[in-house]
Structures are given as C-alpha cells and as structure tokens.
Amino acid sequence: MTKRIVALILCVATVLLCLVGCAKHEEDKGAYIRMYLTEPVYDVDPLQAFDNEASLQLISLLFEGLFYADENGKPKKALVDKYDYEENEEEAEYILTLTLNETKWSDGVTVTANDAQFSFRRLLTPGSAHPAASMLYDIKNARSIAEGNDSIDHLGVTVVDNSTLEIAFEHPIDVDEFLLVLCSPALYPLRDDIIDANPDWGKKNTTIITSGPFMVRSMDYTYQDGFILERNSYYYRDRTKDDLDKYVRPYRIVVDYSTDLSEQFAKLGSSEAGALYYFGRIPLDVRQGGEFSLEDVEVTNAASTHVYYLNENAVINGEKLFAKKEVRQALSLAIDRQAIAEAMTYAIAANGLVPYTLRNRPDKKAEFREKAESYITATANFDQAKDLLSAAGVKASSYAFSITVASYDEDHIAMANLVKAAWSSLGFNVTLNILTPFEIIEYVDNDKNPTTPDVAVATGVFENPYKDAIDDLVYTTEKDGVVTEHVVDVIALDLVAYSPDAFSYLAPFAKAFSGNKFNTIDYTLTGHITGYDSETYNNKIEEAYVAESFEDRAARLHEAEAILMDEMPVIPIVYNQNATVKAKGLSKLDSSFYCATILTEAKLKNYWDVALRDQFVVLEEEEEEE
C-alpha cells in the first residue's frame, strides 16, 4: 500500500511538473529524462563496483573522485583544485599535496580532506580485503599495513586542514603515474560517519549520501519509474546565488526496472508517454535481432574483461579438480570465444587477460593490448582439450560442477549457457547456479496483540548472494532458521580495471598484492580468492613493482600476463564493449575512461512537452479495489 501511494505521488508530481513546464513557469526545476542506465545495482558502495562493468555507470553519477580519467585514460582534476609534489632527498621526504575544491554532500555537509583520507584508510584496512589496495603500496607504510605489520594510523595520508591532504611516499614517484591511481573509483571520498553507522549504507536510498552530480531519490526496482536519480543541489553550487542548473542541467533521471527492457527500447524517442531517451545498455534480443540501425549505436571498448574464476580449493568428486593446471587449460581450450563475442554483438573474443584501454606505460599513449601477444585462439580446440584431460588422468564424466552467475545480468547468463555447452561437450556435468538478490524482511513484535504473529516489514535493503560469492567464493543461504554455506566452483564476472594502469589489473593475482585477508592465525596473506599461488608469477609482479623504468615495468607485466595465460587460474572470455544509443533531441552527453556516461550537461529538447507516464489513474483504480 505504501509503495503504491509513493508511486502515485511521484506520478502526480511528474504530471504537474510537465504542466508547469509547458507554461515555462519560473519554478521549473529542469528536465525529467527517462533512461536505462544499466541493470539494477543493489549496492552503490564504490568498492563493490569492480565485478560488473555496468555498475560504474551508476556509481560515477553519484560520487566525485579526486581525479577522473577521460576517454583516453588521461587524468583530469575533479574534486582536486590544485596539487603540488615536492622531494627532499636529504630528509627522504616525498610529499604530494592536494588542495580540494569546495563542494558539499547531498545532505549539505561540506566535503573535506577527512573524507578523502577515510577512503585511503578504508581500502588499506586489512579487513577490507580489496584487490585495489596494492595500487597504494607506494604510499608510506601502506604495504606493511596491508600485510598486517603496521597500524592504519601510520598510513602516510595526512589531513592538513579541511581542504588539504598530504600524501607521503616511501620513495620518489612519478606524479603523473600516481594521478592515474587517484582516478580510481576505489578512492572516491566517502563519509566515515555514514558508513560506520550503517554497514548497509549503500543499499538504501535513505542512507545513501552522495558527493557527485546526482543523488538517489527512489530505489524501487519493482514499480514503474521507481528508480530515480535527482540533481544534487549542493554539487559545487552556492545555493544563495547560483542557478539550480548551473552545474547539473537535468533535474531527474528516471529508470523503470519493472517493464521489459525490449518493450521499452521499442519506444525509444517516440512521442508516446513513458518513452526512453537513452539506453546505456541495449537489450540482448534487440542486439541479436538486428532490428535497429547499427549507425545509431555508439560503441567503445570497456576497461574490463568478462572472465571465469576457477576455485582451486573446491572439492569436486573428492579432489581439487581445478588445482590441476591441465584441467584449467582444457576448460579454456573448449570455449569458442568468437561465437560468444558474436552472440553478444558488442564484444571482442579475448586473446589475453588485460582489456583494451589500459595503458602499456603511464608515459605513453599506447595500450597494453596493442603491445601484448595473443595467448588464446578465438575458436575452440576440443581435441587438444581432451588430450590435456587425459594426461591429467581426468575422466570428465566423473565430475559435476556449477557456474555461478547473477540473475539480473542477461549477458552473463547467455555466455554461461554457451560455456556450459562447451564444457558439457568435454563430458563434464555442468549446471548454472543463478543467484537472485532478495529483499531483507524484518519481523516486528505486534505490541497491540502479543498473541498474534510478528509483523513482516520490508526493509528496502536487498541482499545479493552473488556479491557475497565474489568476495571469497563462498555464500550462505538461510531457510527455516538453518544457515547453509555454499562453496562456489566457477563464477562469472566482469573483471573491471581498478585504474587505467595495467599493473593494477595484473598485480592482484600475486599473493603479496592480492589485497586478500591477512591470516591472524599463522600471520600470512591468503592470496588470490581462486587459491592461485604461483611463485614464478609472484616474483614477476614483484619485479614489475620495483622496476626502475616504465619500459622495464611494462616488459615485466607482459611476461606476467604470459605466465597467467599459461597457468590459467582465470579464464578470459571476451573483452567487454559498451554500446549506447540515444534518441534525437537528447544532447550534451559525454563519457569517461570507464565508459560511464557523464550527464551533468545532458539536454533534452522541449522537455516540458514530454510526459513520463500517465499511470496515476490506474493506480487510483487499484487503490479503490483494495
């Protein structure tokens, strides 16, 4: 009932806004633009955005970074107004000073250097276990903190005053290289008071406080137009004198997750009420059907590769099947990547791990992929795959395992079905383990009548077991009060780059750079979540880390990728591409390195003539029936 009333209010407000817009009333706040940005995102915590290429589409609209990378991977100032780097060899002091612009969070609180410092500390806290942590190892004491040998209080990131942050390094650095690190969404400044007070802060619109151009007004995935982003009126704006749309032109971005995406796509830019004007993701059946002009689509390479993690610790038929190198190689050889890329339409068959767009060297424009070898053939080789299984003493028909995917990503499910067919052809018994987010229900005592059952209350917070599975290849379910732990065999994910630098992409597969949890029992690092731990690979990444020149480091990273693609703990499937389409009348869109659409200047022609959806009458009728 409450949701229906909220929906009714939103729809009535929309219609009133349109009427006001027609009269060009001075209270007109700006355009309501209906879009489909990406599939549902159940948690807007930036640290949760690196296993699905599309997540950053939304998160980049909500949070402002210190820097951002443009389409070419070049760092540009964002929250940072100016910076200065000084070296004092005699004192062994190497300091980068960042001075921040003045802006505010969506609740009116000033964004400060404390918020920036908090994100550095949060990423390096041993309990966070995030692979992006190794990007910060040049910072003073950062590596020893990540390894459990020092306190987070000794991290060389210091607040000088509200608008000034100092970063101290272990050794001289190349500033331009480190600015690429500061472009990472993993370092978006965040509020410690918000996060400490509510671990689920990123899952509910009432606890999501943003620093970017938009805030979350509504986070309902089940009702038409139930997901709404609204202009953050504090974003760089002096509210006493600046126009409402000085820094953010659209008033609201409205997304409908309740209606079939293909049905919505058919109305793209039409005069029909409820028509969408932008798609950040084109429906799979529309892509495959070829029912629209390819000329209308803007395609760019994404900073991510769709991959499969193989759990080397998973016990299958009494043994650790994926701990055998030959098995991992055989599974990779059985995949027809070209067929999968064609089925996705906008994808490239992977011939290595590192995706396009990542730099080969921070001082050069060339991409890593342009300089890399081709380690994987585009088509399958079943004969060689079967020979490898035979050499490993593996009879495929004796083993059954599953591929874990998220229910809300149709691309991942489609690819998983093709991979399942390939591995089944080798003789393995393969199934799909499709995990679906579910809303948390709390049960409240019925105080008025203690003898009646507790009242079930929807919290608006969704648990996502797929995200739990990504963390350590384990997730839990609960039924009738019984909690069951499930071990993941294989999991599909988009491996998104933590920064435009190729080092951040390859380093986490090395034990000392994995970011995984510090084991307080035997004081060791646990390594990559797949269980992969290669001394050869570990040493190669260490060599890249201490390399004295960019050229030498790039060479070591290419050697590291070659090792990884031989031992195959992670199976690359396709290089992701981002395909978007917009209707006529919508203009002033831009994009960043992560293919995230920049909407601050988005302009919809004659928006005051565009109604979102005339559904309030239907809702009124439903209310009367109830």
ask   = Has the stretch 275-297 got at least one residue that is under 15 Å from residue 572 (Cβ atoms), in contact (Cβ under 8 Å) with a residue 40 or more places away in the chain and in contact with a helix residue (DSSP H, G or I) (Cβ under 6 Å, 6 or more places away or on another chain)?
value = no
task = Could you tell me which numbered condition residue 591 fails, if it satisfies all but one of (1) open to solvent by 70 Å² or more (accessible area, probe 1.4 Å); (2) modelled with pLDDT under 90; (3) within 28 Å of the chain's Cα centre (by Cα)?
result = (1)
ask   = Considering only residues of the stretch 79-96 that are modelled with pLDDT of 95 or more and either open to solvent by less than 30 Å² (accessible area, probe 1.4 Å) or not in a strand (DSSP E or B) (or both), which is nearest to residue 185 (Cα to Cα)?
value = 79
query = Inside the stretch 114-142, can you point out the residues that are open to solvent by 10 Å² or more (accessible area, probe 1.4 Å), part of a helix (DSSP H, G or I) and without any contact (Cβ under 8 Å) to a residue 60 or more places away in the chain?
reply = 117, 121
message = Report every pair of residues separated by at least 6 positions or lying on different chains whose Cβ atoms are under 8 Å apart, first residue within the stretch 80-94 and touching a residue at least 40 places away in the same chain (Cβ under 8 Å), second loosely packed, with under 11 Cβ neighbours inside 10 Å and outside any loop (DSSP other than H, G, I, E, B).
response = 93/86; 94/86; 94/88
query = Looking at 342, 312, 373, which one is within 26 Å of residue 502 (Cα to Cα) and under 26 Å from the mean Cα position of the chain (by Cα)?
reply = 312
note = When the stretch 570-588 is checked residue by residue, the ones that are open to solvent by 20 Å² or more (accessible area, probe 1.4 Å) and not in a strand (DSSP E or B) are 584, 585, 588
ask   = Can you tell me how many residues in the stretch 48-77 are open to solvent by 20 Å² or more (accessible area, probe 1.4 Å) and under 25 Å from residue 175 (Cα atoms)?
value = 10
task = Filter the stretch 78-105 for residues that are of a type in the set (Lys, Arg) and in contact with a Phe, Trp or Tyr (Cβ under 6 Å, 6 or more places away or on another chain) and give the result.
result = 104
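Taking helices (runs of 4 or more DSSP H) that fall entirely within the stretch 326-422, which contain at least 1 residues that are aliphatic (A, V, I, L, M)?
Working: elements: 337-344, 368-371, 382-391.
Result: 337-344, 382-391.
The values are calculated or read from the model by the stated rules, or taken from the named source; none is laboratory data. All figures in this text were calculated on a predicted structure; none of them were measured in a lab. Ideal geometry is used to build each Cβ from the backbone, glycine not excepted, and the neighbour counts take in all protein chains shown. Side chains included, ligands, DNA and RNA excluded: accessible areas come from the protein's heavy atoms. Shrake-Rupley method; radii C 1.70, N 1.55, O 1.52, S 1.80 Å.
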